[in-house]
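Note sheet for the following structure.
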Amino acid sequence: MTMRTYTLFFILLTVFQAGFSQSKSLKEANKLFANQAYAEAIAAYEDEETLDSTALLNLANAYYYTADAENATAAFAKAWSSNPNQSLSTYFKYADAAKRTNNYDKANELLSIYTGETISILQDAEATGKDLPQYFVAQPLDVSSAYDDFGATYFDRQIVFASNRNTERPNYAWDGKPFLDLYYATVSGSTLTDVGLFPGSINTDTHESNAVFSPDGKRMFFTRTSPQLTRIEKNKVGVLQIYSATLIGTKWSDVKLLEINNSKYSVTHPAISPDGELLYFSSDMPGGFGGFDIYKAQINPDGSITNAENLGAQINSDKLEQFPFIAQNGDLYFASNRVEGLGGLDIYRSVLEDGNFQKAFNLGASLNSNADDFSIILNEKEGKGFVSSNRTGKDKLYALTIYPNIDYLVLGNVDDKKTSRPIEGAEVTMFNAETGSVLKAVSAKDGSFKFEVSPNSSYNFKASKEGYAPAEKDLSIEYSPSTKTVIQLEMLAYKDSDSLIVYNERNNTTQVNLEKIYFDFDKASIRNDAALILNKLVAVMRKYPTMKIEVAAHTDSKGSDSYNLELSERRAQATKAYLISQGISESRLTAKGYGETDLINDCNSINCSDAQQDANRRSEFTIIN
């Protein structure tokens, strides 16, 4: 959900603003920020010509709390330039904003400092994703609607959810939109139909959200913002509280504030165990692990709620744990904004074994995004469910289809494009476009290779081998009953693709075969006639932009060994320098002088004919990629 809503509901100190007037003074801007009037503070800061380090950080935080990740990351960067000694909590917020703009490199950098460990979010998520038990496909509901909708729960054959679509409500000063009410609707494909205000005395002129119903359908629990303001840490806030209501006849009434609430902290996001005996909720009450934790309490036969108990370190952390849901098998699902998450709130799961919740784990990229993903409900028998997310910029409901997370394979072959024969020993590289991870394999004798992949992901496959132009292919893997995808990479030998490229049997290499290059006596400068010949090599290398060349210079056997070696080295380097001057990247070139160490005939300085000596004086351009 949005960072605005983050503060509104999930940091859960809902602040009623009292008409702060805008001021262009820095002092007034800081005051607006201190009172959490972030939208007004942003406007005031933006009117200032210069901002000190405190104001820069305030502006970054204000953007962060109002869901403007682009401006937040830019402002955090300026705050860092002004004062690099930032708090760890600021590192965390900057990293979260970076995630939301898909700048995972920056997020990894910041979180590695924050945690003291090497963090690689996308690569780690990809690695753990293969072991997850579930795979989710999400379809947005009413995606074109201008309203914010979230927090679905099952209600008979319909759903109940929170929305700001009631224009008769007062506008909330934070975002200028109506206060939230509970609605019911029927889900029809990708749309919500038969939408109506939830009946009875549930909705008021403050926020209502996150309803849940007892198994017999006669009692409901929901979240409401307290109308009574409490001063907490110098701010007047209306905490979130859980209420209950009873179905009397056909009307919901007897609305009561639960006894587990407290004016000093928030109690919110109710969930009920399948047997109806336990109430789960989220709270920032004292004594927790930090932020918001998930608790459970007993629902007594008389309707009272007692014995609130923190679920412990297997579930809770020093971050936000919110929106619990208990599946029919007893497993716990919830949302948290932990370090390893993809951004904002992610959905986690904890398996119930022998009456105890096991260590919670992130449910991966098929369900989570770089925005807030929260408030999941599931019907395991039907393999369906709903989740809320603001990945489009608004809080929206998504219908879920749940599949087993099975292994997917790409089975491939590397073949010679001209002869159709398999190519053994080709290096095949698989690049994951989403995570940036790279895996490599070597084609077998029959040209085959294989990789494990993930559905709903995009990959690039590239085959390379000495003597061949690289071949590559892009591939998108969709979730499908067919878990195997077959591809073919056809490589064309350089010698079959250009008349200048030949196979040198003498040393088992592939070379660009050019006319002889001449140098002036005892010199290494490139003559005009040599430049014309080298331009042919430039054309070949431009034609094959991944081709790499070794420039090898050889001499005859006249003169001393050391003289010949030094002269050939100068000529090789001069040739390399000319190629670079024509736009060929230095990274694609190596140069070496061999002197008289690699003569192509058996003669020596005494018995060599002039023709034999001339044959030894040569430059070779060997393809080495």
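The values are calculated or read from the model by the stated rules, or taken from the named source; none is laboratory data. The structure presented is a predicted model; accordingly, all values stated were derived computationally and were not measured. We place every Cβ from the backbone using ideal geometry, glycine too, and count neighbours over all the protein chains shown. Note: accessible area is taken over every heavy atom of the protein model, side chains too, but ligands, DNA and RNA are not part of it. Shrake-Rupley method; radii C 1.70, N 1.55, O 1.52, S 1.80 Å.
General remarks:
- Number of residues in the stretch 459-481 that are open to solvent by 40 Å² or more (accessible area, probe 1.4 Å) and in a strand (DSSP E or B): the value is 6.
- Count of residues meeting criterion [open to solvent by 40 Å² or more (accessible area, probe 1.4 Å) and without any contact (Cβ under 8 Å) to a residue 24 or more places away in the chain] in the stretch 422-443: 5
- Enumeration of residues in the stretch 84-122 that are polar (S, T, N, Q) and crowded, with 16+ Cβ neighbours inside 10 Å: Q86, T90, T101, N103, N108, S112, S120
- Looking only at the stretch 108-142, and only at residues there that are modelled with pLDDT of 90 or more and small (G, A, S), the one that is farthest from F161 (Cα to Cα): G116
- Per the listing T14, T7, the residue uniquely modelled with pLDDT under 85 and part of a helix (DSSP H, G or I) is T7.
- Where R542 falls short, out of the listed (1) modelled with pLDDT of 90 or more; (2) surrounded by 15 or more Cβ atoms within 10 Å (Cβ to Cβ); (3) not hydroxyl-bearing (S, T, Y): (2)
- For I242, the stated conditions do not hold, so it cannot be described as in a loop (DSSP other than H, G, I, E, B) and at pLDDT 95 or above.
- Residue in the stretch 394-412 that is part of a loop (DSSP other than H, G, I, E, B), on the phi > 0 side of the Ramachandran plot and not acidic (D, E) present: no
- Residues satisfying the stated conditions in the stretch 329-340, i.e. open to solvent by 20 Å² or more (accessible area, probe 1.4 Å) and without any contact (Cβ under 8 Å) to a residue 60 or more places away in the chain: N329, R338
- When D520 is tested against (1) touching a helix residue (DSSP H, G or I) at 6+ places or on another chain (Cβ under 9 Å); (2) modelled with pLDDT under 85, only condition (1) is not met.
- Subset tally (residues that are open to solvent by 20 Å² or more (accessible area, probe 1.4 Å), of a type in the set (D, E) and over 21 Å from L111 (Cα atoms)) for the stretch 289-328: 2
- Summed over the stretch 341-377, residues that are crowded, with 23+ Cβ neighbours inside 10 Å, aliphatic (A, V, I, L, M) and assigned to a strand (DSSP E or B) total 2.
- A count restricted to the stretch 289-311 and to residues that are touching a strand residue (DSSP E or B) at 6+ places or on another chain (Cβ under 8 Å) and without any contact (Cβ under 8 Å) to a residue 12 or more places away in the chain stands at 2.
- Residue match in the stretch 588-601 (condition: among the acidic types (D, E), open to solvent by 40 Å² or more (accessible area, probe 1.4 Å) and at pLDDT 90 or above): no
- Residue match in the stretch 570-585 (condition: in a loop (DSSP other than H, G, I, E, B), at pLDDT below 90 and open to solvent by 70 Å² or more (accessible area, probe 1.4 Å)): no
- The listed residues are K495, K516, and the only one of them that is in contact (Cβ under 8 Å) with a residue 24 or more places away in the chain, assigned to a helix (DSSP H, G or I) and of a type in the set (K, R) turns out to be K495.
- Flag if Y94 is within 22 Å of F374 (Cα to Cα) and without any contact (Cβ under 8 Å) to a residue 60 or more places away in the chain: yes
- In the set (1) open to solvent by less than 70 Å² (accessible area, probe 1.4 Å); (2) over 30 Å from G447 (Cβ atoms), T485 fails one condition alone, (2).
- Of all residues in the stretch 441-458, those satisfying the criterion of being closer than 15 Å to Q123 by Cβ and either assigned to a strand (DSSP E or B) or at pLDDT 95 or above (or both) are E452, V453, S457.
- Selection count where residues are in a helix (DSSP H, G or I), open to solvent by 30 Å² or more (accessible area, probe 1.4 Å) and in contact with a Leu (Cβ under 7 Å, 6 or more places away or on another chain), scope the stretch 48-83: 2
- Exactly one residue out of S619, S557 is in a strand (DSSP E or B), surrounded by 15 or more Cβ atoms within 10 Å (Cβ to Cβ), polar (S, T, N, Q) and more than 45 Å from the chain's Cα centre (by Cα): that is S619.
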